[in-house]
Each structure stands twice: as C-alpha cells, then as structure tokens.
Amino acid sequence: QVQLVESGGGLVQAGGSLRLSCAASGLPFSVYDMGWFRQAPGKERKFVAHINLIGSATNYADPVKGRFTISRDNDKNTVYLQMNSLKPEDTAVYYCAATSSIVRTTAPTYRYWGQGTQVTVSS
C-alpha cells in the first residue's frame, strides 16, 4: 500500500519559515518524480514545485520562486519543501505527490497523493 505522509505544517507569521516533509512508503521512491501542490479554500489545487527522481532538477511556480526550495533524500524516502518569507497568500493545504509522467506541473498527472498538511500564514 502506497502512503505519502506530509508533516511540518502549522501557523506562522508573515515573513516566517516552515519546512514541510513528506515520507513515502510502499513505492520505489527513487524512480518517481515528486511534487508539491497547494489548495486554498474554494480554489483549485495548484502546482508549487517539482523535483526529478535523482534531485538534479527542480522547477517552481512563479509565486514561490526564490522563496521555496524543494529537495529530496532518497535514502530516507522523503521529499521536503523549505518555505521562507511566507506571505498570507501562501495559506493553503499543501500536498505532496508522486508521478512517473513527463508532465510534472499539473495535478492529474500525479499518481499518488498524501493527505495534506495545513499551512496558515498570519499577517
């Protein structure tokens, strides 16, 4: 059974930082690209960041470029999202996901999903 379990969310003031983690089990982690998405209340789930299967390539949505960093540790089957200079508009439920597709910035191309972790940024 595949499981992706996010952690590290919480309440933080604007300008602060959080580090999200996503621990994977039940799948060959090192053969999947990983991504982070977020979904604010009443809005669609949106791409945040992607990292390739060996961690040598990343890409980010424009709103988070220069503030967020995605990384992975294949020995620990874990992907991370370091979020700095947080803004109130970053408030959302954050999801990690795994894909073997060459299309890595859209939610439907991701096969496995975590349950999400809430990030709330106060102004």
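The values are calculated or read from the model by the stated rules, or taken from the named source; none is laboratory data. This is a predicted model, so every value here is computed, not measured. For neighbour counting, all protein chains shown are included, and Cβ atoms are generated from backbone atoms with ideal geometry for every residue, glycine included. Heavy atoms of the whole protein, side chains included, go into the accessibility calculation; ligands, DNA and RNA do not. Shrake-Rupley method; radii C 1.70, N 1.55, O 1.52, S 1.80 Å.
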Exercise for the section: Return the distance in nm (one decimal) between the two label points of a simple spin-label model at Gln13 and Gln82, each offset 7 Å from Cα along Cα→Cβ. Expected result: 2.2 nm
Practice task
Would you mind pulling out the separation of the Cα centroids of the stretch 48-122 and the stretch 1-19, in Å?
Solution key: 11 Å
Exercise for the section: Please find the FRET efficiency linking Thr69 to Gln39, where r is the Cβ-Cβ separation and R0 is fixed at 22 Å, and quote it to the nearest 0.05. Expected result: 0.60
Practice task
Give the percent of DSSP beta bridges with both residues in the chain that are antiparallel, rounded to the nearest 5.
Solution key: 90 percent
Problem - Carbon + sulfur, % of accessible area of the chain - ligands and nucleic acids excluded, 1.4 Å - result: 48 percent
Problem - Solvent exposure of the stretch 39-104 as accessible area per residue, Å², 1.4 Å probe - result: 52 Å²
Exercise for the section: Please find the FRET efficiency linking Ala61 to Ser25, where r is the Cβ-Cβ separation and R0 is fixed at 30 Å, and quote it to the nearest 0.05. Expected result: 0.65
